[in-house]
Amino acid sequence: MSEDAAVETPAAMFGKEIRLAREVRGWTQAQLADKLWCRQPYVSKVESGQQLASPQFAEMCDRVFGTPGVYARMRQRAADAGNPVWFIPYLELEREARAICDYSPVRIMGILQTPEYAEAVYRAARPQESAAEIAKRVEKRIRRRELFDGPKPPSLWVILHESVLWSRVGGADVMRGQLQHLVHVTESPFITVQIFPYDGGTPARGLPFNLMTRQDGTQVLYEETYQRGRVDDSAEAVAAARDAYERLRANALSLADSLTLIRHALEAHAHGHHLRPLPRDMGEVQLQRGERRPMPRMGPRTRPYRRRPRPGQQEP
């Protein structure tokens, strides 16, 4: 076995600890599965490292093994492994946040990305990495959706610049899937999406940022530079970011008009239409094909040509 193959993945190390705890108690995988309210094949995949356990699995292990918080923390360290050191503080804040307000002027924020969209973003940013390395990054990004699987998910308010909808990240098929997912997540009572339109004026900020509200009500600013991100909890920085976000929200489209614009962009990507912004007066636009208004005639009106009858011939 090569040196690389001998290195255990974080998921495999977590699974090994679960297996050892089970064997010490003399339980089979099937017996442990019954105690955890899951299936034996799932326990097998976790113990072998084929799949990183879910947060709920780790919490149930703590209950069954009598180790309050041990396996939950171990599982979380395994999930964070491989992320840049500077990004881990953000992930911890994201998991503990009561509310998240995000502004994304270039790309859809990571937690709302589809696997295909995330892959296209990573391939563009890291062209030198292998397909396996990109796949690992995508898996970690998609795993962040677990944030909304818990009993008390945070409220997420996202403002996207309209240009994000028209940028063909990964091609038309990838964008169609991404926008369909965006429409779907707006059905959640915890997720709100607004679009900052082209004619909304100059955005209050040109770079992406978000404000996270902790459980105690205090807020933290997170923003990224070209190479890394940083967390800032100073009163001045948070106040300036909060003011900027309120101005962005004030100039953004309403929730209904934002959803209409997303669907308009989705239809354009799906049918290869010429990509163009939707008129600001959303009430005059009907996106359903059956409700579309007939296109007005263009150019001068002309009478239909009628052949003159020949002499002695009756006119039809």
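A search for C-beta distances below 7 Å between a residue of region 119-130 that is in the same structural domain as Arg143 (by TED's automatic domain parsing) and any residue that is among the charged types (D, E, K, R), counting only pairs 6+ apart in sequence or on different chains, returns Val121/Arg107; Tyr122/Arg137.
Rundown of residues vs (1) at pLDDT 50 or above; (2) within 30 Å of Arg214 (Cβ to Cβ); (3) assigned by TED's automatic domain parsing to the domain that holds Tyr90; (4) not small (Gly, Ala, Ser), yes/no style:
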site	(1), (2), (3), (4)
Ala237	yes, yes, yes, no
Arg263	yes, no, yes, yes
Pro294	no, no, no, yes
Arg297	no, no, no, yes
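Out of all the residues in region 56-76, which are of a type in the set (Gly, Ala, Ser), closer than 21 Å to Glu92 by Cβ and assigned to a loop (DSSP other than H, G, I, E, B)? Within region 56-76, Gly69 is the sole residue that qualifies. Restricting to region 234-269, name every residue that is under 16 Å from Ile100 (Cα atoms), in contact (Cβ under 8 Å) with a residue 60 or more places away in the chain and among the charged types (D, E, K, R). Result: Arg249, single match.
Scanning region 24-53 for residues that are buried (at least 17 other Cβ atoms within 10 Å of the Cβ) and either among the aliphatic types (A, V, I, L, M) or under 19 Å from Arg137 (Cα atoms) (or both) turns up Leu32, Ala33, Leu36, Val43, Val46, Gly49, Leu52, Ala53.
Scanning region 10-65 for residues that are touching a Gly at 6+ places or on another chain (Cβ under 7 Å) and without any contact (Cβ under 8 Å) to a residue 40 or more places away in the chain turns up Ala12, Gly15, Val46, Glu47, Ser48, Asp62. Residues in region 134-151 that are assigned to a helix (DSSP H, G or I) and out of contact with any helix residue (DSSP H, G or I) (no Cβ under 9 Å at 6 or more places or on another chain): Lys136 alone.
Pairing each residue of region 137-166 that is closer than 29 Å to Ala204 by Cα with any residue that is part of a loop (DSSP other than H, G, I, E, B) and charged (D, E, K, R), provided the two are 6+ apart or on different chains, yields C-beta distances under 6 Å for Pro154/Arg98. Any chance region 86-100 includes a residue that's crowded, with 17+ Cβ neighbours inside 10 Å, of a type outside the set (Val, Ile, Thr), without any contact (Cβ under 8 Å) to a residue 12 or more places away in the chain and part of a helix (DSSP H, G or I)? Looking through region 86-100, none of the residues is crowded, with 17+ Cβ neighbours inside 10 Å, of a type outside the set (Val, Ile, Thr), without any contact (Cβ under 8 Å) to a residue 12 or more places away in the chain and part of a helix (DSSP H, G or I). Scanning region 110-133 for residues that are buried (at least 17 other Cβ atoms within 10 Å of the Cβ) and part of a loop (DSSP other than H, G, I, E, B) yields Gln113, Thr114.
Evaluated against (1) under 21 Å from Pro154 (Cα atoms); (2) part of a loop (DSSP other than H, G, I, E, B); (3) β-branched (Val, Ile, Thr), Val106 falls short on exactly one condition, (1). Restricting Leu93, Leu52, Leu112 to those that are within 17 Å of Glu146 (Cβ to Cβ), assigned by TED's automatic domain parsing to the domain that holds Val158 and out of contact with any strand residue (DSSP E or B) (no Cβ under 6 Å at 6 or more places or on another chain) reduces the list to Leu112. Select from region 250-268 the residues that are of a type outside the set (A, V, I, L, M, F, W, C) and assigned to a helix (DSSP H, G or I) and write down the one among them that is surrounded by the fewest Cβ atoms within 10 Å (Cβ to Cβ). If we take residues in region 250-268 being of a type outside the set (A, V, I, L, M, F, W, C) and assigned to a helix (DSSP H, G or I), then Glu267 is surrounded by the fewest Cβ atoms within 10 Å (Cβ to Cβ).
The values are calculated or read from the model by the stated rules, or taken from the named source; none is laboratory data. Keep in mind that this is a model prediction, so the values were computed, not measured. As a convention, Cβ positions derive from the backbone with ideal geometry for all residues, glycine included, and neighbour counts pool all protein chains shown.
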